[in-house]
Structures are given as structure tokens and as C-alpha cells.
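The values are calculated or read from the model by the stated rules, or taken from the named source; none is laboratory data. This is a predicted model, so every value here is computed, not measured. Glycine also receives a Cβ, built like all others from the backbone with ideal geometry; neighbour counts cover every protein chain displayed.
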Amino acid sequence: MTARKPPEQALANQHGTARQVLEQALAAAELSGRPIPCRGAEAPAWTDPDTETLEVAALLCENCPALQECRSYAVQAGEDGGAYGGLTPAQIRRARRRAQEQKTRRADRAA
């Protein structure tokens, strides 16, 4: 019988995996020469405290080759220190709440 991990450890592992997937996607994009907006000259915009600047940075993610991986990481990890995956911190919080609500509903139906 396999021992179950405490919820906090399982969540940390999930975040770590999402982070690894993101890092792999970014590395592949860099190797292929595809531009990564948040790693260019405008990089400080992605962590600027100004909401309007973060909104612009999130829009600039649109053509990023790692958009989906970044978004997945941000929602799973609850990132709120900047724009990730085309989402502002407020959008990340909303997406995270929705994901948690869906998970709770699935668990309730399974019980």
C-alpha cells in the first residue's frame, strides 16, 4: 500500500511540476530563438506594482511560446507578484478560486 502524502506536500509537488514544465517550455523557446516577452528589455513591466502596466504586460504575453505553461504555473502556484501567462494578479486569483471550486465540486460528487 502506498502512503498518501499530506495535502501541503502534494500541492508543493504539483507547483514544482508546473514550474518545471514552464522552465522547460521557456528553455525550448530560447533554444529555438523564439522571443519571450518577459525576458526582453521590457521585463520589469511584468512585476511592476502599477495595475495598468501589469495589464499591458499581460497583453504582451499573447504571442509567447510558453503562454499556456506559464498560465498553468501561475494558477497552480497562486502567483500574485506580477503578470504571468497573460493574466494579471487579480485574474490569477480569480482563476485559482474557480479551479479550487471546481475541484471541491468534483470531490463532493465523488463522495
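Name the residues in the range 71-111 that are aliphatic (A, V, I, L, M) and either surrounded by 11 or more Cβ atoms within 10 Å (Cβ to Cβ) or in contact with a Pro (Cβ under 9 Å, 6 or more places away or on another chain) (or both), would you?
Across the range 71-111, the qualifying residues are ALA74, VAL75, ALA77, ALA83, LEU87, ALA90, ILE92, ALA95, ALA99.
Checking the conditions here, which among ALA83, ALA27 is at pLDDT 95 or above, under 13 Å from the mean Cα position of the chain (by Cα) and of a type in the set (A, V, I, L, M)?
The unique qualifying residue is ALA83.
Would you be able to say whether some residue in the range 47-57 is within 23 Å of THR17 (Cα to Cα), β-branched (Val, Ile, Thr) and out of contact with any Ser or Thr (no Cβ under 9 Å at 6 or more places or on another chain)?
Yes.
Looking only at the range 23-52, how many residues end up being assigned to a helix (DSSP H, G or I) and surrounded by fewer than 17 Cβ atoms within 10 Å (Cβ to Cβ)?
13
Residues in the range 87-96: is at least one farther than 27 Å from GLY40 by Cα and either at pLDDT below 95 or in a helix (DSSP H, G or I) (or both)?
yes
Residues in the range 60-80 that are within 18 Å of GLY16 (Cβ to Cβ), assigned to a loop (DSSP other than H, G, I, E, B) and modelled with pLDDT of 95 or more: how many?
1
Can you spot a residue in the range 47-66 that is without any contact (Cβ under 8 Å) to a residue 40 or more places away in the chain, among the small types (Gly, Ala, Ser) and more than 22 Å from ALA28 (Cα to Cα)?
no
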